[in-house]
Structures are given as C-alpha cells and as structure tokens.
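Note sheet for the following structure.
The values are calculated or read from the model by the stated rules, or taken from the named source; none is laboratory data. Remember, predicted model here, so these are calculated numbers, not experimental data. We place every Cβ from the backbone using ideal geometry, glycine too, and count neighbours over all the protein chains shown. Areas reflect the complete protein model, heavy atoms only, side chains present, ligands, DNA and RNA absent. Shrake-Rupley method; radii C 1.70, N 1.55, O 1.52, S 1.80 Å.
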Amino acid sequence: MFDDFSQVLHGYWEQFLYMLPRLLIAALVMGVVWIGASRLRTWLAAKLSAHSDDPLLTDFLTQVGRWVLVLTGLVLALNILGFSGVVGGILGAAGLSAFVVGFAFKDIAENFLAGIILAFNRPFGVNDTVKIQDMFGQITKLNLRTTEMGTFDGRDISIPNAIVLKEPLINYTRDGFIRQDFVVGVDYDDDVAAAIALILEQVRKEPEVLIEREPFAVVDELAASTVNLKVFFWTNTEDYRRATLELRSRVMNRVKKALMAGGYALPPDILELRLPTKMPAVPIQVAMAEPGTLADPPEDPKRPTKPAVNPSGTSLGPG
C-alpha cells in the first residue's frame, strides 16, 4: 500500500515538474499584464487628458482599458497552462452564459451599458450641479456601474447609471448661467414704477449679476396688504452655491435697505377676522395690563433701566 501511495506522489511530482515551466511563464505573464494594466491606465489618462477636456470620459475609458488588458492576460495565461480547451469552451458557451448571466446580473449589465452611453453622450460634467429625482448636488465621478454625487449638505450619493440614463436630469450649470428671482412687497400708496426702477438699480450694482442679460421686475400679485413685485436677474453658475444662494441673499438685502432708505413701506400681511352672523356681538375692551401679570411681564434684570423724567425734563434717577 505504501508503494502504491509513493507511486501516486511520484506521478504527481513528475506532472508538477512538467508543468512548472508553464506555471512560471503564466505567472510571469499575469504579473507583467497586471503591472502593464496599471501603466496603461496612467498612460491612457495622460494621453486622453491631453486631447480631451472631459475628465469623466477619460477616467471611464482608462478603467475599461485596464480591465480589458487584464482579461486578455488571463486568457493568455490559461492557454500557456494548456487550458486552451477550457478557454475555447468558455468562449463557445459565451452565448448561453450571457443568456443565463443576463438574468442573474441584469442590473449590473444594465448599469454597465448605461455607463458606456453616459461616458460618450452625457448631459453633465465634473462639478456640474444637477438634480436627479429628489437628489441634488455636484457630480464628482462616473464609474462603470454608478455615478457619484456630492450634495451641498456633505452627503456622498452613488446613483446607478441606469437611473441617471432613464430619469429626467436637470443640469443647473451646463449652460454657464441661471436666472434667479425673488418677491418683494411695497405699500399700495407707493409709486410702483419708481420702486421698480430703484430695485433694478440696486440689482445692477451687484458685480456678479449679468448685465448683458438685463434684469427686470414685474407686478406679480395684488396681495391683501402689499403690491408684490417679482424681480428677475441672471448670473453665472460655475459655483452654484455662490452664484445662487449667496448672491440672491446679497441682492435681496441690498434691495431691502434701498427701499427702506427711499421711504418705501414694507408692510406686513393684514389678517381679517370675521365672526358668524348669528353669533352675538363680542365686546372688545383695550386696557393696560396689571403690573407683574403675564400680559405685562417684569423687566429683564439684565437690561439697563432708563431714569424717570419729570414733566420739567429733569431726570429723577440716581446720580
């Protein structure tokens, strides 16, 4: 029995010695291919970057080129080991495998194909501000399966490429500019035309407002207590947050100060209370609250008190 076992081991050892050169060559080929794939990715990135200003497409093509080289090296290594029949069988069964795998990995294949389409015909670029469904942020990267987005509140979202391709996508920065608007209300007794002229004058003073796209304002609503004016202006969107949120805030603050300095009233809303006609009259009495009650809370001890003044104008306070 020991002799039979020794003969089996000897046979395996001879087969190993016979296969050893092929194993070494196959390992060498895979090592060279793996290193070459990394070098190829770097080389492709440099070449594509020199001829294209689209970093998303460059990154996507370098990923595809790297994995194609790795798969080619794997097939070559299997042929060196004498597994050409296995390789032929795998390639011959590719049709059936694709049919079976298509059901098992339908989402992966769909997202991969969508990524290829987005890489070559894409409605966004790096750092573009977009909205997809209820997701809103800046595009940071396009992978083989997902599109990476960074939101303005610090979240990182990975969106499947199929969703990006199928769903409506709003790009806020592709054209380079965007229109902003806000509403301001003035009193009915104010000169609306003069108020509009003053507002537009203040809007034009902001350096980041586009003058070539003329700002304008219209009467938007005759509200209960105000004439609401809607103001429109255009701005660049290279930096969405600075060009929309911050700029809009500055423009609104500038307009508010100018209107108040110009004597325009910014009245609050008027509320009208109506009681049912069958309800008896409700008497309303206005009276001073008793000192120290909830209607007349005590003075804040941290607030400095004003000295009393007698009718003659002389201070009655201490000192």
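Contact map, the stretch 162-177: first residue over 17 Å from THR140 (Cβ atoms), second residue aromatic (Phe, Trp, Tyr), Cβ cut-off under 7 Å, separation 6 or more or different chains; pairs are PHE177/TRP234. Taking the stretch 184-203 as the range and being closer than 26 Å to ARG242 by Cβ and surrounded by 14 or more Cβ atoms within 10 Å (Cβ to Cβ) as the test, the residues that pass are VAL184, LEU198, ILE199, LEU200, GLN202, VAL203. Within the stretch 114-140, the residues that satisfy the criterion of being assigned to a strand (DSSP E or B) and either open to solvent by less than 40 Å² (accessible area, probe 1.4 Å) or touching a helix residue (DSSP H, G or I) at 6+ places or on another chain (Cβ under 7 Å) (or both) are THR129, VAL130, ILE132, MET135, GLY137, ILE139. Taking strands (runs of 3 or more DSSP E) as the structural unit, those lying wholly within the stretch 143-229 and holding at least 1 residues that are more than 29 Å from ILE132 (Cβ to Cβ) correspond to 177-186, 216-222. In the stretch 231-244, is there at least one residue being acidic (Asp, Glu), open to solvent by 80 Å² or more (accessible area, probe 1.4 Å) and at pLDDT below 65? No, the stretch 231-244 has no match at all. A search for C-beta distances below 6 Å between a residue of the stretch 226-250 that is closer than 18 Å to ILE211 by Cα and any residue that is in a helix (DSSP H, G or I) and hydrophobic (A, V, I, L, M, F, W, C), counting only pairs 6+ apart in sequence or on different chains, returns VAL231/ILE199; PHE233/VAL203; THR235/ALA243; THR235/LEU247; ASN236/ALA243; THR237/ALA243.
Return yes when ASN127 is at negative phi and either among the β-branched types (Val, Ile, Thr) or touching a strand residue (DSSP E or B) at 6+ places or on another chain (Cβ under 9 Å) (or both) and no when it is not. No, not satisfied.
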